[in-house]
Structures are given as C-alpha cells and as structure tokens.
Amino acid sequence: MKTVNHWIGGKTVEGTSGNYGPVTDPATGAVTTQVALASLDEVDAAVAAAKDAYATWGTSSLAARTAVLFRYRALLDARRDDIAALITAEHGKVHSDALGEVARGLEIVELACGITTQLKGELSTQVSSRVDVSSIRQSLGVVAGITPFNFPAMVPMWMFPLAIACGNTFVLKPSEKDPSAANLLAELAAEAGLPDGVLNVLHGDKVAVDGLLNHPDVAAVSFVGSTPIARYIHTTASTNGKRVQALGGAKNHMLVLPDADLDAAADAAVSAAYGSAGERCMAISAVVAVGAVGDELVARIKERAEKIKIGPGNDPTSEMGPLITAAHRDKVASYVTGAAAQGADVVLDGTGYTVEGFEDGHWIGLSLLDHVSTDSDAYKDEIFGPVLCVLRVETYEEGVALMNASPFGNGTAIFTRDGGAARRFQLEIEAGMVGVNVPIPVPVGYHSFGGWKDSLFGDHHIYGNDGVHFYTRGKVVTTRWPDPAEAPAGVDLGFPRNH
C-alpha cells in the first residue's frame, strides 16, 4: 500500500512514530493509501528544519524570494491536472471543481509574486529638526498552518505563499484525510528553487496539532476548520503567546426578496448549496425567502436539484461527488431524517442514495428542507453536506434579524433588483463577506477572506492585506543625525522636543 510520508528539510522523510492513518477513495470506500502520523519528535524535527532555514531565508532579498515564487507559479500552472487528480482521488470532488480549487489557490501565489509592493514601508522626514521617522514590516520566523480536508490544495496556498514571500519559514499540517496534494505542492516548490526547510509538510493528528500549538519556536498559527476546533486553536496558541488567525465554521444565509430574479436565485441556491457536495464553509445552507416568493422559489430549486448528476469525481459527466467519509455521510443523513420530526417539510430526501457500480462509496443525494424553524438541528448546526434549508419570513427586516441572530457570520448574500435594499443589506448584515446577487462571495486574492462572530477567532482575515499583516510585524525607527557643523547639544533628561 502507498504511504504518504512527511516532507521535511527539502526531502521526503519516512514516519518513525509507527502510527498511520487510512486514506480512502470516497467513490469506492476502499482504503488506497496510508499516511504517517507524526510524533512530537517529528514535530520538533520539522520546526527545527524551518528554524534553520529562517536564518538565511529571513534575510534574503525580495528579488530572490519573488524569483522563486514566479517559477513556482509556472510549475503549479503546468501541473494543475495532476494536483486536481490527487484531490479527486482522496477528497472525492469532481475534477472540474478540483481544478477550480487549484485556480483559486494560484491567485494567492500570484499575489505573493507581487509582495515587493505589499512590504513597502513609510517615511516621514523632518518631523523635528533633522529627525526622520520610518515604519517597516519584518517577518516573524517559523509559522505554521493547519488546514482542512475540504480544500487540500487551495487553503494551504492561501497561507504558505504569502508567509514565505514575507520572509518566514512554514510548517504545514494538512488534513490526514487527503494528504497527497500538500506533498506535491511542497515538491513543486523545491523544484522551483525554494531552499530546503523553508516549506515543510508534517502529517498527523491531534498530537501534531498540539505539538505545533505548544512549540516555543512557532511564532504564529493559521487555521481553517470547524468552530469548536478554531476556538481551541485560538485559545491554546494565544495562551502560548502566538499570533493566531483561526477561521471557523459557518451557516451562510441567502436572503431572497420578492423582486428578485427567481431563476437566477434558484440557479445560485443550487450551485452554492450543493457544489463540492456542500463541503465548504462558504456554502449557502439556508435560504431565507421573503413574503410570497417562497413557494415558487422552492419549486424552482427542486426542479434544478433533481437534475444534478452524482457520480465519481473522475467521471467527466459527474456534477457532484461523494462525501469524504462514510461517518460524515451518515451524520449528514441524520439531519435529513430528523428534519420532519422537527417540523420541516422534506421536499427532497437524498439519504439512501447510491451509484451503480460504486455501492460502497460515501454517497448521499441532494436534500431540500422547507419551512425549517430556527430551533431545529438542521438549521442550528453546520451540516457540511448537500442539505439546503429554506426559512420563511414576511419582511426584509424580519429576514435580516433572523440572519443576524445566528452565532455564525462567515458569508451571506442577498438577491434583489433593488439597489437601495442591497446597499442597506450590506451595511446592516453581521457577516464578514457579503454577496449582492452573488451566492458565494469569496473575495479575490488581493482582498481578504474571513468572517465575523463564531466564524473567526483572531483579528486578521486570511490572504490579501490582512494576510501580509498577519505574517509580518511592524517596527518604527526614529532617526536623528547631528549636523556636523554644530557642537553636541549635551545631556537633556526631558522628552525630545518635536517643535
């Protein structure tokens, strides 16, 4: 059986802990690979490699760093299909979706290629007689990233390209459920000329995570995952004096006003709820229908959802693949089976779905729940599967109040033809990312991604300007050079005079 090992110090390093985790093909249910799970000694080795590399990488020129990143971008572009194939094999998403994931990751590599302008400092001359003040940004040292299973290439690329462009070295702990893409990303970085130890991939479970959170040589931690784990990451790393950005879960709402283009809204709801089998933190999982629009909207969503073709991710005709594990499939199904008892109308029931010839795969069909109440489990919890809840309200104000009452605040959307309503919505809604007639408002690379409330722990969003600020720290330098024509002024114990 194939084994996925660590990548430390610029080379593959076999696991020594003796512990391995299974990697499954979600379309067949078969275990195809095993992944080495790191011990604390292996965590120490990865951090030590990164620390050694920082001694030279941290003082390297911006020109040298960006030259590597430009070569890296070219290699990633040439190997898009290979990266996407690994994602499909271990995550299960369809190939076109996997290619889209790689493309969104490449956006951040391209942003990192232009890091020279992002790291420019500021200078104020003559703030006092012969006194200048300058502000600069410097790297942190060794930083770590802990990434989720649902985007095994994109989310790591949201982190390490900016981190290393800023002069840091990086230890990546990807999900043990689909680890191979991370290794290929590291191998391509080495091929591009990234020095040994600048990017390391450490596979593991909670032992590896806690090892990084508690390691004295790790200066900062980036995380994307569920809210309970994000809260734990933030609390533990912060207690240890580390800088933390921890992106948590979501329950993203889409408000549909009576004046909306219902065909466009229905198309958007199906794409945003069921794309990537609903396994994304930006999925629309709750549609809030205002007034009489609800019945027609639900009918149009149902009509479209019934036509979605579910099958193996490597089948070009498949539009949606399986879920990551059988246990997760069963958990998602439990929300659908329990919805009717909690007052919902089950318009589409995707439980029990199978694909001929792949009966052991982690399959589930599309589910649509109408008249869902805010106290039902299907509404309160982040299901992370292809389940769409529809809630009914009478007014715009009622809809916004319902949405703002959610503990999550990741992304949200409004569908309307009314510019005034849209403008009011984007100011009143309590979420970090807002779409106006855009169902999944993931920002482009030069803006930052992140939510509010229980969807983000820490002050910095990921990538964009926030990403650059997270991976650097500011320093202010005040300089006075005496005029050689003047004698020294002598000792003065008072504050420096600015005027």
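How about the range 468-477: which of its residues are in contact with a His (Cβ under 7 Å, 6 or more places away or on another chain) and either open to solvent by 60 Å² or more (accessible area, probe 1.4 Å) or not hydrophobic (A, V, I, L, M, F, W, C) (or both)?
Residue satisfying the conditions is H469 alone.
Here is a yes/no grid of residues against (1) hydroxyl-bearing (S, T, Y); (2) closer than 30 Å to R417 by Cα; (3) surrounded by fewer than 20 Cβ atoms within 10 Å (Cβ to Cβ):
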residue	(1), (2), (3)
V436	no, yes, yes
V442	no, yes, yes
G445	no, yes, no
L456	no, no, no
D466	no, no, yes
T479	yes, no, yes
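For I229, state whether it is without any contact (Cβ under 8 Å) to a residue 60 or more places away in the chain, crowded, with 17+ Cβ neighbours inside 10 Å, within 21 Å of D381 (Cα to Cα) and not basic (K, R).
yes
Only one of A264, A219, A237 is over 25 Å from S96 (Cα atoms), outside any loop (DSSP other than H, G, I, E, B) and open to solvent by 20 Å² or more (accessible area, probe 1.4 Å); which?
Just a single option satisfies the conditions, and that option is A219.
For the range 189-210, how many residues meet the condition of being part of a helix (DSSP H, G or I) and surrounded by 21 or more Cβ atoms within 10 Å (Cβ to Cβ)?
So the count comes out to 3.
Can you name the residue in the range 11-69 that is closer than 26 Å to C113 by Cβ and of a type in the set (S, T, Y) and, of all such residues, is surrounded by the most Cβ atoms within 10 Å (Cβ to Cβ)?
Y54
Checking A341 against (1) assigned to a strand (DSSP E or B); (2) open to solvent by 50 Å² or more (accessible area, probe 1.4 Å); (3) aliphatic (A, V, I, L, M): exactly one of these is not met. Which one?
(1)
State the number of residues belonging to the range 371-396 that are assigned to a strand (DSSP E or B) and within 15 Å of I284 (Cα to Cα).
Within the range 371-396, the first condition is being assigned to a strand (DSSP E or B), and the residues that meet it are 387-393.
Going one step further and asking which of them are within 15 Å of I284 (Cα to Cα), we end up with 387-391.
Within the range 371-396, residues that are assigned to a strand (DSSP E or B) and within 15 Å of I284 (Cα to Cα) number 5.
Restricting to strands (runs of 3 or more DSSP E) lying wholly in the range 120-180: which have 2 or more residues that are modelled with pLDDT of 95 or more and more than 21 Å from F449 (Cβ to Cβ)?
122-128, 131-139, 169-173
Quick one: which residue in S271, S285, S276, S318 is assigned to a strand (DSSP E or B) and either over 25 Å from the mean Cα position of the chain (by Cα) or touching a residue at least 40 places away in the same chain (Cβ under 8 Å) (or both)?
The match here is S285.
Can you find even one residue in the range 423-432 that is in contact with a Lys or Arg (Cβ under 8 Å, 6 or more places away or on another chain), open to solvent by 30 Å² or more (accessible area, probe 1.4 Å) and within 15 Å of G451 (Cα to Cα)?
Within the range 423-432 (the criterion being in contact with a Lys or Arg (Cβ under 8 Å, 6 or more places away or on another chain), open to solvent by 30 Å² or more (accessible area, probe 1.4 Å) and within 15 Å of G451 (Cα to Cα)), the answer is yes, since at least one residue qualifies.
Given (1) open to solvent by less than 10 Å² (accessible area, probe 1.4 Å); (2) touching a Phe, Trp or Tyr at 6+ places or on another chain (Cβ under 8 Å), identify the lone condition not met by L368.
Checking L368 against (1) open to solvent by less than 10 Å² (accessible area, probe 1.4 Å); (2) touching a Phe, Trp or Tyr at 6+ places or on another chain (Cβ under 8 Å), the one that fails is (2).
Between a residue in the range 37-54 that is among the small types (G, A, S) and any residue that is part of a helix (DSSP H, G or I) and open to solvent by 50 Å² or more (accessible area, probe 1.4 Å), which pairs come within a Cβ distance under 8 Å, given they are 6 or more apart or on different chains?
From the range 37-54, the pairs are A38/V207; S39/V207.
The values are calculated or read from the model by the stated rules, or taken from the named source; none is laboratory data. Predicted model, so just to flag it, every value in this text is computed and none were measured. Cβ: placed from backbone, ideal geometry, glycine included. Neighbour counts: every protein chain shown. Surface accessibility is based on the protein's heavy atoms, side chains included, excluding ligands, DNA and RNA. Shrake-Rupley method; radii C 1.70, N 1.55, O 1.52, S 1.80 Å.
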